[in-house]
Amino acid sequence: MKNLVIEQDLGTRLELGAGNAAGDAAVAAFCVASADSRLYALTVDGMVHCYAYSQEAPKLLWSCPVGAELLTSDLDAALADGAAVPGAVPPYGGCWVASFSHVLELDALCIATRGGCIALLHVGEGEARELEQVGCVDDGLACLEWSPDGEVLAALSRAGSLLVMNQAWELLFEGPAMGAAAATAAAATAAAASGLDPAALYGDARLSWRGDGKFLAVVCRDAAAAGTATAAAAVPVNGGDTAAATALPPYGVRIWDRTTMEIHASGESTDGVLPLPAWQPNGRHLYVAASVAAPAAVAKGAPGTKPPVLAAAGGGARSPAVLLYERNGLRHGGFPLPSCAPVAALAWSPDSELLAVLTAPAPAEGAEGATGEGAEGPAEWCLQLWHRSNWHWYLKHERRYQHHRLGPGLGPGLGPSGPELGPLLAWDEAASGRGLSGPGGFLHVLTPQGGYEGLRLGWDVASSARGTAAVVDGCRVLLTPLRHGLVPPPMCAAAVELPEAAVDVSVGALPAPEEGEGEEEDEVVAVLTAGGRLALARSVEEDLWQETLEDQQALEAPGPPSPALQPAVPALDVPLAGGRRCRALCWLQGASSLVVLAAPYPEAGLEEGAGDVLVEVAVRWASSGPGDAADPRPCPVVQLDERPPVYAGGRVLRLAPYTGPGGGAAVELADGRVSVFRTDASSLEALGPAAALPEGCSAVRPTPAAAVAAAAARGLPPPPPLLGLGRGGRLCWGPAVLATSDVTSFAVRSYGPGGPALLYTSRKNLLYTVLMTQLASYTHKELLADPFVFRWNRREGEMQQAMHAAMRPDAATAAARDVAVRAVESGAALIAVPSSPVSTAATPETHPAAPSPTQLLPVPPAPQPVPVTAVLQMPRGNLEGVAPRGLVLAAVVGSLRAGDWAGAWRLAALQRLDLNLLVDYRWPSFLTSAAALVSAVPRSSDLCDLLFGLRPGSCLGPGGPYEGALALLGETEQSSSSPGARPGPAEAAGGGKGPGAGVGAKGEAAAEGEGKIAAVCGAVRQAVSARPDAERLLEVVVTSYARSDPPQLEEAMRCIRDAKERDLAAPGPPAAASSTAAAAPAADKALKHLLLYVDPDELYRTALGMYDMALAYMVVVNAQKDPGEAMSELQRFAAISPPALQRHAVDMSLRRYGKALASLVEAGPEYFPQALQLAKERGLLRQLLQLYDSDPDHLPAVLDAYGDHLLDAKRFDDAAVTFLSANQPAKALRAYRGAGRWQMVFVLAGQMEYDEVQVQELAAEVAEELAASGQAADAAAVLLSYLNDVDNAVRTYTQAREWREATRVSHAQQRPDLVETVVAPAAAEAAAGLLDEAREAADKIRKYAQRLVDVRSRREAMAAALAAADDEAGGAGPDYDAQSDFGSMVSGVTGLSVYTDATTAAASGVPGSSAAPSSASRAPSTVGGRKAHRQEKKSKKGGSRIRQGSALEEASLVSHLHSLAPRPSALSEAGQLLELLVLLGHAGDARTLQRALAGWQAAYQEAAADIAAHPPPLPDGPGHARAEAERLLAPPPDGSGVAWKWEVLRDFGPA
């Protein structure tokens, strides 16, 4: 769908020396040294001229003669080459040059003559320009070509031999070019016997190298195929009659392998092959010119076909074509040329996109090779540029040149009329690197007279605001209105037939000719042809081009209808633009005029100004064609009025309509400056720096008029007039750069929902959408991961690389999270974004009173569909339409703003948007607009889809699928609103904007007290219930109950049951019966609809839970399940009596044990055992206790069972009280013993009247149990109180560390000896243990505190090193490898080597790391299962250790320091122990112990203060890692409030 544009048409006449004025110095050949920007021309008289070219005209640097030795070669056989076959053109015009090329490796010009001489002319700087003759081929040379790498050259001799030599001129291979030596010799012998020069057989042979230089294609006469030729050429013998002509073999194709110098493949035999091969640079196909037999329809002169002009020797029409060959020699199609002129040259562009075909003038009538019907075709040389897309060949451009024939005597052996010379072609291979070439390449054209043209080519799309794409295809322009449908190329909706090939096309819009049509405009197409003529076509209405063709065919005279549109091609009194070469045109905004861009005259002194020439052509429509109501005609009738030319002052790059004030055309110059061409202007109006582009852009689009009008309405200055795409993919809007690189295509939507928009694609295959309202502050953002994130792993293995590549977000995955970005197919290019006015829907509040039975809801008049499609062309050539989410959301939001719920619903459903958008936009306004939605949505099933699509939260809020959509649409004030949130004061007061703003108290309460889902379901249900046809919308009501949060399935089934009962209870008169019959299926239909969303088994269980067997059976029948399975169950339930037992059975089947228990209790006291058993099995004893609370007969049994349940649950205290309530003291005593409540144990023993022996036995057992459970003090109290065992009581107190109580009991029981024998030894042992613990803990605290300081310093040093690496890597670019620099940085940090070995080396997998990977990150072992198992066990065993270098090392150290803190219990015990030591006379030991404990506490307080001053950072990662770090950092119990120190034991300070 793209067209070729001429960005630069540099025309001039080269200086060829003194003979140029007399016509003696005609150019015979030229070549280009792209690397040096040098052009070398070789004239017929043997002069070499060197020119320097760049952005300006080539300038002559030097001239050098080649010498007389090359001009004296015998060329008698050269003149016979052109007559070898009809349709063939003599190489180099039949003059003495066989090859002329620049060899970069030798820095010399290689010149080969037809006589066989090969010479080098060294042109390097500092070298003398002397001709060096390096060799001579005795048989003469037909052609010579150097390989693309410049290492070898291949030459074809005029005797049919292939010679291959290297740069040292060593012969590598010599042999027959066609590989058949015997056939070649036989053909030469037969030609000599017939009097024909053998050189005529192979004098016009040609060869072509593949782009990589691995293969070589040769096209010359195939002597082996002479007997099978279908149409051999006839060559006159010695100038005699053609009747005595000798039949020559046809041409054949051979493909040679450079490596083996053997024939790789032979081309498929094809009649009419010509010696003009051109291998596509990418190596895909070999292209060969041919003169093939014309189709039968053309040969017979069928209507609409051109008569042939070429004839074979045996008679018969032939037409020129280009054939395609695979590398294996098989034909792969081809394409015919539109004219009958013979092909002179083929040349491929370096990017393999354009094929340049040069054709010679067609033979004149009566000349050899012309038919008797008269010749038809151009009488000039034609340069055609062809492009293939979707396997169709498009003629994208055509240029014509006058032919030139050398005068007599201009070369040795030339005839009286001299050879005919045509223009020469050469593609510039390195122009793009110097900024000279456009996206389509740079083509040099040099005519024999010295006329030079430098064509800078580019690609662009010609489309209108409505999306009509115009594609140039030779003599046709293909029109496709993309707004109405995507027609796959090369097909189209309509085509415009032209008298000659098109050069440029422009699609505009003019006001409709009918009066009273408002602002509607019809599209018009203007085409500039290769002959400098204008063709104009106009649609009958808007962009209805297919209808225009149909109307044209209806107005045509009887006969076969015209297959294409017939444009108006008016004639001018003088040539367009004064005969200058025209290359572009554009419609002026707001006027029926065109501006035509032409190149200045190549001759100096003919122009009155500088730069390119702009000519305005006013178009007056006498009849607009088929759409003219006053004068309809098959084709338009127009008159053209050409204005005086306007000079641009420089090279014009592109033209575009100017949508700013006053209209006109925006003119972009090569340096990016922008001017305005006004109607009837005598000069351009410069717009200044505010409108200039940063660089010349080959593709530009005008700023939409709607955006200009919006800026004017807000009082802002006019925006820049052009958006442009420059080299390297830089997207600009005036001087502002929107994207710095990697943009591949862009398009502008002129108007539509949400306003004008810009869309563009990037090299990462992403499609971006930007509304023009946001463009002023827009900055392109990349969605891929930062390339520096994984820079430390540049030396990682393949597995690590794959893992890290998987961790980086893919472009498509990242695009799915952005509403303004969409992933597209690789290589897709934007063609157009069709625009359409925003449609207004009918008022949704009006609806018919009685809808039809088949349509539950009235449908308002449907508006025109809002186009939100962007059309892209895939690399294969096919078209695809996508709906960018940004445009779709803008359209939906625009409909919601206008209250068009029908349009918003239709678009959201069509584009598969999340339907929550209709609810979440400007929440909670939807709650008051639910009635409008119910009236607008056409089907009740759609409402059900909306309800079941509801999700908690807002789809427009953070984390939602359309996060960022409000910012894209410029509604930042709405970004804080979310479903379920309290509306703002303005909304609550009714001061909001848009429909539904100002929600009342009801909406506010719904938003506050209910969730979003429940509130929406309630609002929709209320809106449906208020309608007169609410009975018909039962399925919506049912769905609202089922979708509520939580679901209310019983309410839904109750509605269905009530509806069914009303249907069955309806009266029976006929009228009523018919009415009932119409409404009878409502319940069944609602149930069937509900079954689409809810599990049938769940609905069946719900119906059973309602104890309605008929309703349950109704669910089974409508769920299309086997009713036999459910029938037996339902019959079994129905047979149970009484109803309480029936409900019990139903609840048991549904596992509703609570309700089953209540039903069983309700059935009567005889079912108490079953109820008690059910309560025990299902843990329902407390519910059973509630049910029998007022039943004194059964309550004790329930309490007893409940107590056993509590006892089994280890709730001893509750169990004891429960047993006491059930009058079970023995069980209560057992429960108190389990709880350790020894006081209540002996209370109950007293109540149960235990004797003394029983009490003592009980006391011994209880004391033992208390001591075993850790209640040593309570055990000592029992021993002392009930057993009077003083010794064991004191011993037990010392075990409990109750030193005071142990001492008191010893003295109270008159046993002071126990203090010395029991208490003192235990106290000494405890003091020694506490002293050791204090000293060891203090040492550990200091050790780990210092380690914590070291780790912290290493972390800070690491952070500094990383920051320095980031800064250096950021300045070096994305390809910076920071691995080695990082290692050197961190090695310079003192003591950092251990830390880095344990972190970065192990984590990044750098070879040579000495640190072992952690268990969480090590790779799985492949040695054996046993070793891996041992390793796993080892890691588990050491899991509590502080792992050096781990992410949680600091947190683990802090946790360990907290674990070493003095325990409050230990400090309290120390206070008693110190007191006892002083009492026992060991004050010194007490002072030592207190000093050690004080040091322990001081060491921890110091470490805790350091931790508080430097808190360790929490790791960035998953939530469980952060939670683990928080757990490790939790402080220990505070022991600062424990009073344990004794003043007398404190250290004495300095005096």
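Assessment of the stretch 401-419 against the conditions (open to solvent by 10 Å² or more (accessible area, probe 1.4 Å), at pLDDT 85 or above and closer than 22 Å to residue 208 by Cβ) yields no matching residue. The conditions of being assigned to a loop (DSSP other than H, G, I, E, B) and in contact with a Pro (Cβ under 6 Å, 6 or more places away or on another chain) are met by residue 540.
For the stretch 444-478, filtering for residues that are crowded, with 24+ Cβ neighbours inside 10 Å and part of a loop (DSSP other than H, G, I, E, B) leaves 4.
When residue 174 is tested against (1) acidic (Asp, Glu); (2) more than 53 Å from the chain's Cα centre (by Cα); (3) under 23 Å from residue 102 (Cα atoms), just one condition goes unmet, and that condition is (3).
The conditions of being modelled with pLDDT of 90 or more and either of a type in the set (D, E, K, R) or closer than 28 Å to residue 746 by Cβ (or both) are not met by residue 424.
Within the stretch 513-533, at least one residue is in a loop (DSSP other than H, G, I, E, B), closer than 20 Å to residue 614 by Cβ and touching a helix residue (DSSP H, G or I) at 6+ places or on another chain (Cβ under 8 Å).
When the residues of the stretch 1215-1255 are filtered to those that are in a loop (DSSP other than H, G, I, E, B) and in contact (Cβ under 8 Å) with a residue 12 or more places away in the chain, the one that is nearest to residue 1271 (Cα to Cα) is 1236.
As for the stretch 573-585, it holds at least one residue that is part of a helix (DSSP H, G or I) and under 20 Å from residue 637 (Cβ atoms). Residue 1078 meets all of the listed conditions (1) surrounded by 13 or more Cβ atoms within 10 Å (Cβ to Cβ); (2) of a type outside the set (Ser, Thr, Tyr); (3) modelled with pLDDT under 85; (4) part of a helix (DSSP H, G or I) but one, namely (1).
With respect to (1) under 36 Å from the mean Cα position of the chain (by Cα); (2) open to solvent by 30 Å² or more (accessible area, probe 1.4 Å); (3) not hydroxyl-bearing (Ser, Thr, Tyr), the lone exception for residue 524 is condition (2).
Listed by first and then second residue, the pairs linking a residue in the stretch 817-828 that is open to solvent by 50 Å² or more (accessible area, probe 1.4 Å) to a residue that is of a type in the set (S, T, N, Q), with Cβ atoms under 6 Å apart and 6 or more places separating them unless they lie on different chains, are 826/765.
Determine whether residue 1041 is closer than 30 Å to residue 777 by Cβ, at pLDDT 85 or above, of a type in the set (Ser, Thr, Tyr) and out of contact with any strand residue (DSSP E or B) (no Cβ under 8 Å at 6 or more places or on another chain).
The answer is no for residue 1041.
Cβ separations smaller than 9 Å between residues 6+ apart or across chains give the following pairs from the stretch 541-568 residues that are within 24 Å of residue 834 (Cβ to Cβ) to residues that are of a type outside the set (Gly, Ala, Ser) and in a helix (DSSP H, G or I): 541/547; 541/548; 564/549; 565/545; 565/548; 565/549; 565/552.
The residue that is most open to solvent (accessible area, probe 1.4 Å), among those in the stretch 1116-1159 that are of a type in the set (A, V, I, L, M, F, W, C) and in contact (Cβ under 8 Å) with a residue 40 or more places away in the chain, is 1150. Considering only residues that are crowded, with 23+ Cβ neighbours inside 10 Å and farther than 19 Å from residue 463 by Cβ, look in the stretch 654-670 and name the one that is nearest to the chain's Cα centre (by Cα). The residue in question is 667. Reported count of residues in the stretch 1087-1144, each being in a loop (DSSP other than H, G, I, E, B) and over 18 Å from residue 1056 (Cβ atoms), is 5. Looking across the stretch 684-703, the residues that are in contact with a strand residue (DSSP E or B) (Cβ under 6 Å, 6 or more places away or on another chain) and in contact (Cβ under 8 Å) with a residue 40 or more places away in the chain come down to 684, 691, 692, 693, 694, 696, 697, 698, 699, 700, 701, 702. Among the residues of the stretch 1175-1214, those that are part of a helix (DSSP H, G or I), under 23 Å from residue 1152 (Cα atoms) and open to solvent by 50 Å² or more (accessible area, probe 1.4 Å) comprise 1176, 1177, 1178, 1182, 1183, 1186, 1187, 1205.
Show the residue pairs that are 6+ apart or on different chains and have beta-carbon atoms under 6 Å apart, the first residue being within the stretch 907-920 and closer than 17 Å to residue 886 by Cβ and of a type in the set (A, V, I, L, M, F, W, C), the second being open to solvent by less than 20 Å² (accessible area, probe 1.4 Å) and not in a helix (DSSP H, G or I). As it stands, the answer is 917/955, since those pairs meet every condition given. Close contacts from the stretch 336-347, counting a first residue that is among the charged types (D, E, K, R) and a second that is assigned to a loop (DSSP other than H, G, I, E, B) and surrounded by fewer than 24 Cβ atoms within 10 Å (Cβ to Cβ), with Cβ to Cβ under 7 Å and a gap of 6+ residues or different chains, come to none at all. Return a yes/no flag: does the stretch 428-439 have any residue that is at pLDDT 85 or above and within 35 Å of the chain's Cα centre (by Cα). Looking for residues that are at pLDDT 85 or above and within 35 Å of the chain's Cα centre (by Cα), one finds at least one in the stretch 428-439, hence yes.
The values are calculated or read from the model by the stated rules, or taken from the named source; none is laboratory data. No experiment lies behind these values; they were computed from the predicted model shown. Quick reminder, even Gly has a Cβ in these numbers, built from the backbone with ideal geometry, and neighbours come from all protein chains shown. Remember, those area values only see protein heavy atoms, side chains included, never the ligands or the DNA or RNA. Shrake-Rupley method; radii C 1.70, N 1.55, O 1.52, S 1.80 Å.
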